[in-house]
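Chemist: Submitted below is the structure of interest, expressed as structure tokens.
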């Protein structure tokens, strides 16, 4: 391919990946696109302003986030139709991946306008690459905070034999870890903190034995759950006497307490007990 043609930046929407921590991860192509952009859409103008200042880019920033994206999409579409170059960046990583932008991308597709990916940093692939788990993975993103919906979601995910990637707000890490222990107890886990930054840290272990984190943590963790443990893939059966005991206990105790008690007492995987309790409730 002709090198000059490869560098041509025509009108359209460009999804530009930006560093997840280390500024040196910015690509030459990403810098070139941002410098030639008429407008750069971003979640937080203050945060993105620091990025552009670091690389001495003076392109115009426009606030674009989940609260205003529907409102300003039409304006952006009209701007692109005027033969302008519009870039979309997120606070960190690749745009539209658990970040705003999907509405705009679909509007561009509907209007037959060009949409270009400018690849680069991604917390998802970064974490998976160092996890040591299967490269067949499912990216889920942020989980719901509603317990009943969360339990249903994790129960469904636990039946899939893939590595699974989540984004977890640091202050909620212990809450979600307690849920993972109910649904992924026989799997391994990687918790990635401050990836690419000075205090980068990877916590590894078994889901069942991972320790509680200190309170008042800030930021966001990328968590990878391993594929299913093949050695424990053969499920144990709950015998009839234990089933009777579970039925009686559910009349007095919570679902969670019954699962915890029976799994320890009978040396059964929590998921087996959980699934049986779920059937009884239905």
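Chemist: Residue under question is residue 252, and the condition is that it be part of a helix (DSSP H, G or I) and either free of Cβ contacts under 8 Å to residues at least 40 places away in the same chain or more than 20 Å from residue 98 (Cβ to Cβ) (or both); does it hold?
Modeler: No, not satisfied.
Chemist: To continue, here is another question. Of all residues in region 218-261, which are under 30 Å from residue 131 (Cα atoms), surrounded by 11 or more Cβ atoms within 10 Å (Cβ to Cβ) and modelled with pLDDT under 90?
Modeler: If the condition is that a residue be under 30 Å from residue 131 (Cα atoms), surrounded by 11 or more Cβ atoms within 10 Å (Cβ to Cβ) and modelled with pLDDT under 90, then 229, 232, 235, 236, 256, 259, 260 are the ones that fit.
Chemist: Right, next: Any idea which of (1) touching a helix residue (DSSP H, G or I) at 6+ places or on another chain (Cβ under 6 Å); (2) more than 26 Å from residue 258 (Cβ to Cβ); (3) in a strand (DSSP E or B) is the one residue 213 doesn't satisfy?
Modeler: Every condition holds for residue 213 apart from (3).
Chemist: Among the strands (runs of 3 or more DSSP E) lying completely within region 1-103, list those that include at least 2 residues that are more than 24 Å from the chain's Cα centre (by Cα) and modelled with pLDDT of 95 or more.
Modeler: In region 1-103, the matching strands (runs of 3 or more DSSP E) lie at 60-63, 85-88.
Chemist: Can you name the number of the only condition in (1) closer than 18 Å to residue 131 by Cα; (2) surrounded by fewer than 15 Cβ atoms within 10 Å (Cβ to Cβ) that residue 198 fails?
Modeler: Evaluating residue 198 over (1) closer than 18 Å to residue 131 by Cα; (2) surrounded by fewer than 15 Cβ atoms within 10 Å (Cβ to Cβ) leaves (1) as the failure.
Chemist: As an exercise: evaluate residue 210 against (1) modelled with pLDDT of 90 or more; (2) under 25 Å from residue 20 (Cα atoms) and give the number of the one condition it does not meet.
Modeler: (2)
Chemist: Continuing with the same structure: Find the residue count for region 46-56, including only residues that are more than 18 Å from residue 96 (Cβ to Cβ) and surrounded by fewer than 16 Cβ atoms within 10 Å (Cβ to Cβ).
Modeler: 7
Chemist: Right, here's the next one. When region 180-203 is examined, which residues are found to be over 17 Å from residue 157 (Cα atoms), touching a helix residue (DSSP H, G or I) at 6+ places or on another chain (Cβ under 9 Å) and free of Cβ contacts under 8 Å to residues at least 40 places away in the same chain?
Modeler: Of everything in region 180-203, those that are over 17 Å from residue 157 (Cα atoms), touching a helix residue (DSSP H, G or I) at 6+ places or on another chain (Cβ under 9 Å) and free of Cβ contacts under 8 Å to residues at least 40 places away in the same chain turn out to be 191, 193.
Chemist: Hey, could you check region 262-272 for residues that are more than 13 Å from residue 181 (Cα to Cα) and in contact with a helix residue (DSSP H, G or I) (Cβ under 7 Å, 6 or more places away or on another chain) and say which is surrounded by the most Cβ atoms within 10 Å (Cβ to Cβ)?
Modeler: This residue is 262.
Chemist: Could I ask something else about it? Regarding region 150-161, can at least one residue be identified that is in contact with a helix residue (DSSP H, G or I) (Cβ under 7 Å, 6 or more places away or on another chain), surrounded by fewer than 17 Cβ atoms within 10 Å (Cβ to Cβ), under 30 Å from residue 269 (Cα atoms) and not assigned by TED's automatic domain parsing to the domain that holds residue 52?
Modeler: Yes, region 150-161 has at least one match.
Chemist: Taking the residues in region 178-187 that are outside any loop (DSSP other than H, G, I, E, B) and crowded, with 20+ Cβ neighbours inside 10 Å as candidates, determine which candidate is farthest from the chain's Cα centre (by Cα).
Modeler: Here the answer is 182.
Chemist: Identify, from the list 221, 133, the residue that is touching a residue at least 24 places away in the same chain (Cβ under 8 Å), within 29 Å of residue 18 (Cβ to Cβ) and in a strand (DSSP E or B).
Modeler: Every option except 221 fails the conditions.
The values are calculated or read from the model by the stated rules, or taken from the named source; none is laboratory data. Since the model is a prediction, treat every value here as computed from it, not as a measurement. All Cβ positions, glycine included, derive from the backbone under ideal geometry; neighbour counts span all protein chains shown.
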